[in-house]
Amino acid sequence: MLTHDDTTQIGTRPFGVTAAKRGKKQEMKILAALCVSAALAAGGLVAPAHAQQSNAVDVQQAQEDLAFAVGVAAYCWAYPLVITAATAEVATSTDKPLPNGHAPFNMFGHVGKLITAADRDVVAANVDTVYSSAFLDLKQGAALVSVPDTGDRY
């Protein structure tokens, strides 16, 4: 069960994989592999060789356009997944909640101060908002999230 105090764990299952910082290089390798895979998959969608003889320039351009379009689509769909996975690995690479908002899977992380220009964990963060977040492991099913009553505050 997920509660909103600083020490209570969300659920009781560990994530099972130790999160580690892999950085932009690993992220870009994954993204490049996805784009190459999409481009190779697009290769099976082009016309056979005997159909290309009549208008080879147009077919070749169509193949390049299709490969480019598939690569762009793969990037657009995969990039948010890659960024979220990279963020989760960085934000959960700790054994206990930290003041910067990082916390293990299934635990809330609370940022104990307002964000400044020096903070880089959240792109375009609000400077007047105190953040709390959690990455949940839902492999074995749903997680119950509960927070204390805030009364008339919100």
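Here are a few things to note about the model shown:
- The residues of region 70-84 that are among the hydrophobic types (A, V, I, L, M, F, W, C) and either buried (at least 17 other Cβ atoms within 10 Å of the Cβ) or in contact (Cβ under 8 Å) with a residue 24 or more places away in the chain (or both), listed by number, are Val70, Ala73, Ala74, Ala78, Val82, Ile83.
- Candidates are the residues of region 113-154 that are free of Cβ contacts under 8 Å to residues at least 40 places away in the same chain and surrounded by 14 or more Cβ atoms within 10 Å (Cβ to Cβ); the one that is farthest from the chain's Cα centre (by Cα) is Ile115.
Every read-out reported here was derived from the displayed coordinates using simple, explicitly stated rules and does not represent laboratory data. What you see is a predicted model; the values in this text were computed from it and never measured. Cβ atoms come from the backbone with ideal geometry, glycine included; neighbour counts cover every protein chain shown.
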